[in-house]
Amino acid sequence: MSFAKRIAAVSGAGGPMGRAVIDRLVAGGIAGLALTDISARRLEETRKALPPGLPVTTLRADVTVGDEAGAFGRAALQAHGGVDILVNVVGGIRSNSLYTPALEIPADQWRSTFDLNILGTMFLTRAFAPGMIERRWGRVVNFASIVFGGEPGQADYAAAKAAVASLSRTLAQELAPHVTVNCVAPGLTRTSVTENMPDAERDRVIGATGTAAWPNRRKPPMRSPIS
């Protein structure tokens with residue numbers, strides 16, 4: 001797949017999934033990048049790893065906050081003139097525990113999980129989709145999860161990712177025909193969260209997805225979410 005002459009914006013650009021997306025875009029000949037992450041340190045590490053000479057705009061932002069997402073959108077459009085591809089990676093769980101029975105999840109965790117997985121995706125789509133429609137070409141890729149069909153102990157996260165999938169389907173219909181919206185649902189991927197999972201729990205999740213056990217349990221393989 002060639003991305004020549006295209007500009008891409010990626011949220012969560014400092015994390016493993018964001019970096020995998022960026023690597024794929026660079027390999028495809030992307031003409032420029034606009035990158036954001038909630039961690040300025042991780043964002044800078046990503047920027048330093050990019051090929052010299054590639055036009056790159058970076059801005060630290062919490063994209064679940066409307067003003068910060070808007071600031072990133074304006075910075076990207078001002079620097080590049082337009083964004084053709086948007087990849088919404090930001091999501092996850094904000095909790096001290098990965099697994100909590102559905103009846104025990106507090107209300108603030110439900111709100112936080114939905115905000116984290118939905119708001120950034122919607123804010124950035126609002127920022128970039130109008131320009132895509134005007135230019136009559138655009139691509140939006142949203143990140144759900146393999147658990148969007150339901151997962152014991154992760155009712156809030158699974159429901160939020162189901163919402164991402166549903167939102168993607170709605171956006172695909174509303175933004176057609178010139179903007180294509182897709183949703184990917186990765187399985188277990190090596191991140192700081194999975195690195196800290198107990199071995200037994202990681203093995204259970206791997207078994208549920210039919211994947212062979214990792215040769216090194218503490219360093220599971222990275223799989224690119226875009227192919």
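Summary table below
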{"quantity": "Among residues of segment 74-86, those that are buried (at least 18 other Cβ atoms within 10 Å of the Cβ) and either touching a residue at least 60 places away in the same chain (Cβ under 8 Å) or touching a strand residue (DSSP E or B) at 6+ places or on another chain (Cβ under 8 Å) (or both), counted", "calculated": "6"}
{"quantity": "Hits in segment 81-103 - residues which are more than 21 Å from PHE148 (Cβ to Cβ) and modelled with pLDDT under 95", "calculated": "ASN96"}
{"quantity": "Positions within segment 108-122 being surrounded by fewer than 24 Cβ atoms within 10 Å (Cβ to Cβ) and of a type outside the set (A, V, I, L, M), in sequence order", "calculated": "ASP108, GLN109, TRP110, ARG111, SER112, PHE114, ASP115"}
{"quantity": "Options THR64, THR58; residue that is at pLDDT 95 or above and farther than 19 Å from ALA129 by Cβ", "calculated": "THR58"}
{"quantity": "Selection within segment 12-43 - in contact with a Phe, Trp or Tyr (Cβ under 8 Å, 6 or more places away or on another chain) and either free of Cβ contacts under 8 Å to residues at least 12 places away in the same chain or of a type in the set (S, T, N, Q) (or both)", "calculated": "THR36"}
{"quantity": "Hits in segment 133-161 - residues which are of a type in the set (Phe, Trp, Tyr) and either part of a helix (DSSP H, G or I) or over 19 Å from the mean Cα position of the chain (by Cα) (or both)", "calculated": "TRP137, PHE148, TYR157"}
{"quantity": "Test: residue in segment 146-160 that is in contact with a strand residue (DSSP E or B) (Cβ under 7 Å, 6 or more places away or on another chain), modelled with pLDDT of 95 or more, surrounded by 22 or more Cβ atoms within 10 Å (Cβ to Cβ) and of a type outside the set (S, T, N, Q)", "calculated": "no"}
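The values are calculated or read from the model by the stated rules, or taken from the named source; none is laboratory data. This one's a predicted model, so the numbers in the text were calculated from it and none came from an experiment. Methodologically, a virtual Cβ is constructed for each residue, glycine included, from the backbone with ideal geometry; neighbour enumeration extends over all protein chains shown.
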